[in-house]
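These notes are about the structure you will find just below.
Readers should treat all values here as calculations from the given coordinates under stated rules, not as data from a laboratory. Since we're looking at a predicted model, the values are computed, not measured. For neighbour counting, all protein chains shown are included, and Cβ atoms are generated from backbone atoms with ideal geometry for every residue, glycine included.
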Protein chains: 2
Amino acid sequence: MESAKFKKGRAVLDTSLFVNPDVRASFGENPTAALENFLFLAAQVPVFEFYMPPSIFSELQNFVEPGKITGELLVYLHQKPPRKFELTVPAVFIYELVEEIRDRVNKGLRIAERAARNPEGKPTDEVVQELRRKYREALREGIIDSKEDVDLVLLARELDALLVTADQGLIKWAEKLGVKWLIPERFKDYMLGLIKRSRDLEAYEAEEDRY
Amino acid sequence: MESAKFKKGRAVLDTSLFVNPDVRASFGENPTAALENFLFLAAQVPVFEFYMPPSIFSELQNFVEPGKITGELLVYLHQKPPRKFELTVPAVFIYELVEEIRDRVNKGLRIAERAARNPEGKPTDEVVQELRRKYREALREGIIDSKEDVDLVLLARELDALLVTADQGLIKWAEKLGVKWLIPERFKDYMLGLIKRSRDLEAYEAEEDRY
């Protein structure tokens, strides 16, 4: 049987867990309720630590009722930036990032040209709306495109933590860097599993003490 | 006085040295002549090695007369790719790259929107021409945007070599990574300086042998 003294597990959480309505459903009906519910569960998992980069935490604060960020939450949800000047990444990622962006930049130009030509003679406002949507889709989706994204994936790498995110760009990079990941929809179940495991271990230790 | 047995110097060369008309002027009136002149000088500098990533060499071949890539040239101008799966870069570069690209992508969208609105009522073809020029300027210039660029800067880093390039995006990255760089306009002078130094060292060694 596995030793009771196992290494503490760690997870790095993206905001989507609390903010995205589809994702947070299992935790609560609004971001504040989801955060309170998370805290209730986190307090029952002494074998696990939860982290969030400060940049992500600051995003989260825009969605939560003021005054609901309690001292207790700050204890259970550690705010830690990655050691960005010490961590390194294999150079091959620079190639992948540069190539992927190059493809997207070319695609962005084709979308822009089509909008400028407006072959179907649509009203200008409609053309501009469509341009914005398609351009953002082509250049941003499924790619690491902000320092908050980089914070998440690097922190998970540094801590050897489970990255909990719904962002496809982040998942792609997590895969490349050997970072464990889990979609937020499964995270409440995961926490319930951790709680059960903690109790089993306690019971096992109590059992051992008896003999 | 410095020991005659100093470490061999190395340089990594970009195509601009031979291809860009303003830059190659000191070497020759066309790419083929510039390459031949370079070879003539390189053969006189036993204390220095010249490198080019294969991706860049392959670009160069588009500009040089077929049959002018001699075996001698291949001996003096080493083709070597960087060890991209072994080299690492500080994670902070990922932040810088991602942030820079984000700014440029936003700028690209503003340029595209302006083209789609065409407030001055210019002819469509003119609008599209201008869009292409401005978009490429905003998204490509002064940034590392191809695997050839990454090859150059990483190879220079790996070999602790002097990077000879006119590309502002490459120079910016060379500065960040502690890579020596030189603008191609100064490179012929630099080679002449190397030749003089080699001769001085030979004379010094001959002098020492006499006593």
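Given a Förster radius of 56 Å and the C-beta distance between B:ASP160 and A:ALA206 as r, what FRET efficiency does 1/(1 + (r/R0)^6) yield to the nearest 0.05? Plugging the Cβ-Cβ distance into 1/(1 + (r/R0)^6) gives 0.40. To the nearest ten degrees, helix B:31-42 and the longest principal axis of the Cα atoms of chain B are 30 degrees apart.
Mind running the shape call on segment A:1-125? Use the C-alpha gyration tensor, a ≥ b ≥ c as the square roots of the eigenvalues: rounded below 1.5 for a/c, prolate if a/b tops b/c, oblate otherwise. Taking the square roots of the gyration eigenvalues as a ≥ b ≥ c, segment A:1-125 is oblate.
Quick check on segment B:10-61: take the gyration tensor over C-alpha atoms, sort the square-rooted eigenvalues as a ≥ b ≥ c, and tell me if it's rounded (a/c under 1.5), prolate or oblate.
oblate
Over the residues of chain B, the helix contribution to mean residue ellipticity at 222 nm works out to -18500 deg cm²/dmol, using -39500 (n - 2.57) for each DSSP H run of at least 4. Normalised by residue count, the protein assembly as shown yields a Cα convex hull volume of 245 Å³ per residue. Hey, with R₀ at 30 Å, roughly what FRET efficiency would B:GLU175 and A:LYS80 work out to, going by the Cβ-Cβ distance, to 0.05? According to the calculation, E is roughly 0.50.
In the structure shown, do any of B:LYS68/B:LYS172; A:LYS147/B:LYS172; A:LYS147/A:LYS172; A:LYS147/B:LYS107; A:LYS80/A:LYS147 have a Cα-Cα gap over 26 Å, and if so which? Provide the component values of the computation, followed by the final result.
Numbers: B:LYS68/B:LYS172 33 Å; A:LYS147/B:LYS172 20 Å; A:LYS147/A:LYS172 16 Å; A:LYS147/B:LYS107 18 Å; A:LYS80/A:LYS147 14 Å.
Violating the 26 Å limit, Cα to Cα: B:LYS68/B:LYS172.
Compared with the dominant Cα axis of chain B, that is its longest principal axis, helix B:168-177 is turned about 60°.
Which whole-number value in Å³ per residue fits the convex hull of the alpha carbons of segment B:76-181?
Details: hull volume 13.4 nm³, N = 106.
Spelled out: Cα convex hull of segment B:76-181, divided by residues, is 126 Å³.
For segment B:70-96, backbone nitrogen atoms closer than 17 Å to the point 7 Å from A:SER58 Cα along Cα-to-C-beta are found at B:95-96. For the protein assembly as shown, the residue among A:LEU194, B:LEU155, A:VAL164 whose Cα projects farthest onto the positive side of the dipole built from Cβ charges is A:VAL164.
Considering every alpha-carbon pair of segment B:120-203, the percent of pairs per 10 Å bin, from zero through the bin containing the longest distance, is 15, 31, 24, 16, 9, 3, 1, 0. If you run the Gaussian network model on chain A, springs between alpha carbon atoms under 10 Å, then out of A:GLY169, A:GLY121, A:GLY108 the most flexible one is A:GLY121. Neighbour counts of C-beta atoms inside 10 Å place A:ASP149, B:ASP22, B:ASP160 in the sequence B:ASP22, B:ASP160, A:ASP149, starting with the fewest.
Among A:GLU36, B:GLU120, what is the fewest-to-most ranking by other Cβ atoms within 10 Å?
Values: A:GLU36 16, B:GLU120 8.
Ranking A:GLU36, B:GLU120 by Cβ neighbours within 10 Å, fewest first, gives B:GLU120, A:GLU36.
With a Förster radius of 51 Å applied to the beta-carbon distance between A:ARG117 and B:ILE69, the computed FRET efficiency rounds to 0.75. Here the residues A:LEU163, B:LEU97, A:LEU177, ranked from fewest to most Cβ neighbours within 10 Å of their Cβ, fall in the order A:LEU177, B:LEU97, A:LEU163. DSSP beta bridges fully contained in the protein assembly as shown are about 10 percent antiparallel.
Working note: Debye formula, equal point scatterers on the alpha-carbon atoms of chain B, no solvent; log10 I(q)/I(0) at q = 0.08, 0.11, 0.13, 0.18 Å⁻¹ is -0.38, -0.66, -0.84, -1.24.
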